[in-house]
Every structure is written in structure tokens, then in C-alpha cells.
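Taking it in order: structure first as C-alpha cells, then the write-up.
Read-outs: derived from the displayed coordinates by stated rules, not from any lab. Everything numeric here is computed off the predicted structure, so don't read it as measured data. Virtual Cβ from ideal backbone geometry, glycine too; neighbours counted across all protein chains shown.
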Amino acid sequence: MFDLIVRHCTLPDGRSHQDIGISKGRITALHPAIAGTAAQEIDAAGHLVSPPFVDAHFHMDSTLSYGQPRVNQSGTLLEGIALWGELKPHLTQDAIIERALRYCDWAVAKGLLAIRSHVDVCDPRLLAVEALLQVKQQVKPYLDLQLVAFPQDGVLRSPGALAQLTRALDMGVDVVGGIPHFERTMADGAESVRILCELAAERGLRVDMHCDESDDPLSRHIETLASQSHRLGLHGRVAGSHLTSMHSMDNYYVSKLLPLIKEAGVAAIANPLINITLQGRHDTYPKRRGMTRVPEMLAAGIDVAFGHDCVMDPWYSLGSGDMLEVAHMGLHVAQMTGQAAMRQCFEAVTTTPARILGLEGYGLDVGCHADFVLLQARDPVEAIRLRATRLAVVRRGQVIARTPPTVATLNLPQRPSTIAWSL
Ligand code: FE2
């Protein structure tokens with residue numbers, strides 16, 4: 001007797017006609033034609049069942065603040081930073097919590113059940129830290145929220161930032177952040193990486209730095225991040241976010257850099273929606289895309305995830321919490337159109353970020369948490385192509401969101417009258 005059986009599933013690895021049996025919030029059986037009964041049964045009808053989407057890079061303190069106090073007219077990174085600076089003094093804890101919870105609702109509806117969010121610690125009140133720690137507790141039953149202490153204005157450049165960052169960690173923030181390319185000099189940037197990696201090593205924490213989010217080919221803080229991670233034995237616990245300068249770097253230098261990143265066990269998090277809009281802004285033509293070297297890093301054995309980064313905030317006026325939209329953009333920008341590469345793009349918003357976040361019990365194996373998404377698609381490539389409807393979202397064996405299938409009714413002479421996307 002199971003609590004729930006989902007029958008006739010297709011799995012991301014291509015296995016079809018699979019039944020998933022769930023007891024006490026965990027997957028307890030996974031094979032064709034499970035015998036036995038369940039309190040509830042769902043017929044997946046051959047649709048894809050995937051582990052939930054995971055966003056490895058987000059800013060929940062600014063999300064859904066679009067238009068406050070004004071709209072980013074130029075759409076540039078610099079106007080976005082200026083805008084955030086204008087908004088910060090007027091932030092209230094209640095407003096941050098309300099926006100964050102609203103975004104988490106969007107996320108759940110889209111099958112996004114784990115988010116790593118940076119939270120700005122360059123505010124002596126640590127208002128956003130307190131707010132997001134509350135949100136983290138509140139959403140815990142249905143969404144894993146991991147927080148990164150992010151010194152937006154530079155841990156060395158912004159007075160008091162290191163003390164505030166440390167205080168945020170004391171309050172329960174999970175991960176050490178940084179932004180070395182925003183420090184005053186390259187040397188300060190390298191120093192900030194050393195300080196922050198040592199802090200993480202002392203406390204046994206993970207590291208995730210905004211690193212080299214620039215078109216400057218000489219912005220090479222990822223080299224220092226890899227070297228410090230290696231020196232301090234942080235293998236598997238460090239991520240470099242953005243890494244856009246790598247797009248513009250000298251090829252010979254990159255051929256040395258990638259093995260160092262691999263050796264240090266540092267993961268990369270690209271943010272395709274944001275970096276395709278924010279990078280290359282100083283270029284005339286040809287304009288650089290500005291996204292980091294995703295297929296090359298994957299080929300070197302480096303974990304690469306795609307993050308959403310922003311949704312309707314000073315930096316990005318679009319987005320909806322849909323990680324398939326993120327994967328779709330990443331696939332296009334990186335020209336990852338081969339069959340295996342398209343599947344890697346799906347992994348970049350599911351299994352790879354789950355590994356980077358260190359999520360316990362993630363996956364579709366017996367013993368894992370019964371967390372998954374039923375998609376109106378037959379396979380991961382179709383899911384990306386259609387940004388497929390999330391028919392059902394399951395957390396710990398409970399259906400927590402449903403969306404009706406997408407069906408169009410046509411009224412054309414002598415033509416079929418409906419189109420149901422997939423199957
Ligand atoms: Fe970011």
C-alpha cells in the first residue's frame with residue numbers, strides 16, 4: 001500500500017512506462033507496473049516526470065520590485081545598480097517578504113522547488129537578510145531556499161561590509177558570497193576572494209561569488225577563486241557565478257584556466273537571460289554575447305548550471321520563474337543544439353544545480369524525496385522547446401500545484417479542431 005502511485009511515466013533518461021510508488025514522502029518503488037494500491041493514483045499518460053527545477057542563482061530581495069521607484073530606462077547593468085541604490089533606503093521588511101513569498105508561489109507553480117538566492121548584506125540594518133531568513137522558514141515545507149551573503153557593493157570597497165556579511169552568516173545565511181570584479185582594483189578583488197574563501201573554510205560553508213561579470217578579458221578572478229578553493233580544500237563546495245569575462249578572454253589563457261577550475265572542483269553558474277541583455281553593451285558591431293563558455297566548460301568536466309538571476313527587478317523587467325525559459329535561452333546563446341547538448345541544458349536547470357546546492361535526497365531514485373514535476377512533454381528536449389506546461393508539481397508525495405494541459409481549439413475550415421501540445 002502506497003500513499004501515491006504515479007503511473008505510465010517517462011523519465012528524463014528515456015525510460016518509459018515507469019510507475020513511481022511513494023510512501024511517507026519518499027520514493028519507495030520505481031519500475032513498470034507496480035502492483036498494489038495507493039490512497040491516490042495519477043496517470044502520467046506517458047508524459048515526462050522530472051525531478052523539480054532548481055535555480056542556482058537568484059536575487060529574491062529585489063524580485064518583483066520592477067518600477068520601484070522608477071523603471072530602468074536604458075536597461076543597463078549600471079542603471080540597474082543605481083536604481084537598486086535608490087530603492088534600498090525605502091525597503092521595508094514586510095514589502096521584501098510579500099514580494100519574495102509571491103515569487104515563491106510563482107516558482108512552485110512552475111515546478112521550481114529549490115532556489116539559491118543572493119541577499120545583499122551592504123545595508124547595516126540587514127533588513128533583507130532578516131526578511132529572507134523568515135521567508136526561508138515559511139516556505140520550507142514546499143521550497144528549499146538557500147541564502148548567499150552577498151556584498152553587492154564590494155566586501156572591501158563598502159565600509160562595514162565584511163562585518164555585516166559575517167553577522168549575516170551568524171544569523172543563519174548558508175553560503176559566502178562575493179563580487180571581486182566590483183572591488184576598486186584587481187588586487188583588492190583577489191584579496192576579497194582570499195578573505196571570503198578563508199571565512200567559508202573556517203565555518204565549513206559553501207562559496208558562490210559573482211565573479212568576472214564583465215566584458216573585460218583581463219578580469220580573471222575566477223583564476224584566484226579556483227586557486228584559493230584548491231589551497232583550502234573547498235573542492236565541490238565553490239561556484240563562480242556569471243564568469244562572463246571568459247567570453248572575451250584570450251583562447252590560449254582559457255586553455256590553461258579550464259583545467260585549473262576542474263582541478264579545484266569549482267562549478268560555474270551562467271545566467272543566460274540576464275547576461276545576453278546586459279553584456280556587450282559597450283560594443284558596436286560585432287556585439288559579443290557575453291555569456292560564459294558553457295560547452296567548453298562541460299567538455300572539460302566542469303559542472304555548469306543555468307540560473308534565472310532576476311525576475312522583474314531593477315536589472316531585468318521580464319521573467320516568470322520558469323527554468324525552462326532559462327534553459328531555452330541558454331541553449332540558444334551557447335548554440336547547444338545537438339541532442340546531447342540540449343539534454344545538458346535540461347540538466348543545467350535540474351540535476352546539476354541540485355549538486356551545486358548540495359540538496360539531500362534529490363532525484364528520481366528509490367530513497368529520494370518524492371519531489372517531482374509532471375510535464376506536458378515526452379522528453380527533456382520537448383520540454384525546453386515548448387516550455388512545457390507543469391501538469392502537476394509534487395513535494396514530499398503531495399500534489400502542491402496543478403496546471404491544466406495546454407490545448408488550443410481552432411476554428412478553421414476542413415482542419416482538425418484541436419491541438420494538444422505533445423502526445
Ligand atoms: Fe546575480
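Structural remarks
- Total residues in segment 402-423, condition within 18 Å of GLY46 (Cα to Cα), part of a strand (DSSP E or B) and of a type in the set (A, V, I, L, M): 3
- Unmet criterion (only one of (1) within 16 Å of the ligand (Cβ to nearest atom); (2) closer than 25 Å to ALA327 by Cα) for TRP84: (2)
- Residue selected from segment 315-329 under the condition in contact with a Cys (Cβ under 7 Å, 6 or more places away or on another chain) and within 15 Å of the ligand (Cβ to nearest atom), by the criterion farthest from ARG387 (Cα to Cα): TYR316
- Unique residue being buried (at least 23 other Cβ atoms within 10 Å of the Cβ) and in contact with a helix residue (DSSP H, G or I) (Cβ under 9 Å, 6 or more places away or on another chain) when the list is LEU258, LEU298, LEU278: LEU278
- Residue identified as within 16 Å of the ligand (Cβ to nearest atom), in contact with a Lys or Arg (Cβ under 6 Å, 6 or more places away or on another chain) and of a type outside the set (Ser, Thr, Tyr) among LEU77, LEU145: LEU145
- Boolean, VAL399 is under 19 Å from TYR142 (Cα atoms) and not in a loop (DSSP other than H, G, I, E, B): yes
- Of all residues in segment 289-314, those that are within 16 Å of the ligand (Cβ to nearest atom) have Cβ atoms under 7 Å from Cβ atoms of residues that are acidic (Asp, Glu), 6 or more apart or on another chain, in GLY290/ASP215; GLY307/ASP55; HIS308/ASP55.
- Single match in THR351, THR403 (criterion: surrounded by fewer than 22 Cβ atoms within 10 Å (Cβ to Cβ), β-branched (Val, Ile, Thr) and within 24 Å of GLY236 (Cα to Cα)): THR351
- Residues in segment 216-254 that are over 21 Å from the mean Cα position of the chain (by Cα) and within 16 Å of the ligand (Cβ to nearest atom) were compared, and the one that is surrounded by the fewest Cβ atoms within 10 Å (Cβ to Cβ) is SER219.
- Qualifying residue in segment 51-67 (condition: among the hydrophobic types (A, V, I, L, M, F, W, C), touching a residue at least 40 places away in the same chain (Cβ under 8 Å) and over 30 Å from VAL129 (Cα atoms)): no
- Considering residues of segment 194-212 that are surrounded by fewer than 21 Cβ atoms within 10 Å (Cβ to Cβ) and assigned to a loop (DSSP other than H, G, I, E, B) only, the residue nearest to the ligand (Cβ to nearest atom): LEU205
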